[in-house]
Amino acid sequence: MLILGLDPSLSCTGWGVIRVEGSRLAHIANGQVPTKPKAPMAERLDHIYAGIAAVIAAHAPDRAAAEEVFANKNAQSTLKLAQARGAVLAACGARGLSVNEHAARLVKKAVVGTGAADKNQVQAMLKVLLPGAQIAGADAADALAVAIADAHLVRG
């Protein structure tokens, strides 16, 4: 089974594809879809949508997983995150791909063993769980963590 992990963000959406066979995980691919900060919102969202649609077309995952929206202290930041998530979910939905949603703390707990893990701990565990994987950046690492968590949390 191929799982596409997604870390939606308006500035840079991360993605990662893993293969799951029983309890074995294998890295397939990962990357990031950055947007231009000064581009109009509609253009940025379209770029995210097209980027994730291309990933789905290239790798044909069986399902996807994304982090749930969390509320920032800044309402504008939360709104922008929600819009980026909408573009990502729309790209999945347009291709008939189901998306499981997981809280960030649950993703960290599934990958590291504690929901309070920091980004460095998550990235260190990715090196153990996906040896030899060349990770495109922090957003791609987060997306791979979401895919791994989904593999552990959702069977079938």
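Do we find a residue being surrounded by 19 or more Cβ atoms within 10 Å (Cβ to Cβ), β-branched (Val, Ile, Thr), in contact with a strand residue (DSSP E or B) (Cβ under 7 Å, 6 or more places away or on another chain) and in a helix (DSSP H, G or I) anywhere in region 137-147? Yes, region 137-147 has at least one match. The set of residues in region 126-136 that are touching a helix residue (DSSP H, G or I) at 6+ places or on another chain (Cβ under 9 Å) and either crowded, with 19+ Cβ neighbours inside 10 Å or among the charged types (D, E, K, R) (or both) comprises LEU126, LEU130, ALA133, ILE135.
Pairs meeting the criteria (first residue in region 110-127 and of a type in the set (A, V, I, L, M, F, W, C) and modelled with pLDDT under 90, second residue in a helix (DSSP H, G or I) and surrounded by 12 or more Cβ atoms within 10 Å (Cβ to Cβ), beta carbons under 9 Å, at least 6 apart or on different chains) are ALA116/ARG105; ALA116/LYS108; ALA116/LYS109.
Restrict the check to region 51-64 and report whether at least one residue is over 17 Å from TRP15 (Cβ atoms), over 13 Å from the mean Cα position of the chain (by Cα) and outside any strand (DSSP E or B). No, region 51-64 has no match at all. Cβ-Cβ distances below 6 Å connect no pair with a first residue in region 135-148 that is free of Cβ contacts under 8 Å to residues at least 40 places away in the same chain, a second residue that is surrounded by 24 or more Cβ atoms within 10 Å (Cβ to Cβ), and a separation of six or more residues or different chains.
Of all residues in region 1-22, which are buried (at least 24 other Cβ atoms within 10 Å of the Cβ) and assigned to a strand (DSSP E or B)? Can you show your working first?
At the first step, the residues of region 1-22 found to be buried (at least 24 other Cβ atoms within 10 Å of the Cβ) are 3-8, 13-18.
The answer is ILE3, LEU4, GLY5, LEU6, ASP7, THR13, GLY14, TRP15, GLY16, VAL17, ILE18.
If you check ASN74, ASN30 for being surrounded by fewer than 17 Cβ atoms within 10 Å (Cβ to Cβ) and of a type in the set (S, T, N, Q), only one passes: ASN74. Please tell me if ARG44 is surrounded by 18 or more Cβ atoms within 10 Å (Cβ to Cβ), among the basic types (Lys, Arg) and part of a helix (DSSP H, G or I). Here the answer is yes, as ARG44 does meet what is asked.
Considering (1) modelled with pLDDT under 95; (2) among the β-branched types (Val, Ile, Thr); (3) more than 30 Å from VAL128 (Cα to Cα); (4) in contact with a helix residue (DSSP H, G or I) (Cβ under 8 Å, 6 or more places away or on another chain), the lone condition that THR35 does not fulfil carries the number (1).
Going through region 90-108 one residue at a time, which ones are buried (at least 17 other Cβ atoms within 10 Å of the Cβ) and more than 15 Å from ASP150 (Cβ to Cβ)? ALA91 - this is the single residue of region 90-108 that is buried (at least 17 other Cβ atoms within 10 Å of the Cβ) and more than 15 Å from ASP150 (Cβ to Cβ).
Beta carbons closer than 6 Å, at least 6 apart along the sequence or on distinct chains, pair a first residue in region 86-106 that is assigned to a loop (DSSP other than H, G, I, E, B) and at pLDDT 95 or above with a second that is crowded, with 16+ Cβ neighbours inside 10 Å and among the β-branched types (Val, Ile, Thr) for ARG95/ILE56.
The values are calculated or read from the model by the stated rules, or taken from the named source; none is laboratory data. As the structure is a prediction and not an experimental result, all values here were calculated from the model. In this analysis, Cβ positions are derived from the backbone assuming ideal geometry, glycine residues included, and neighbour counts consider all displayed protein chains.
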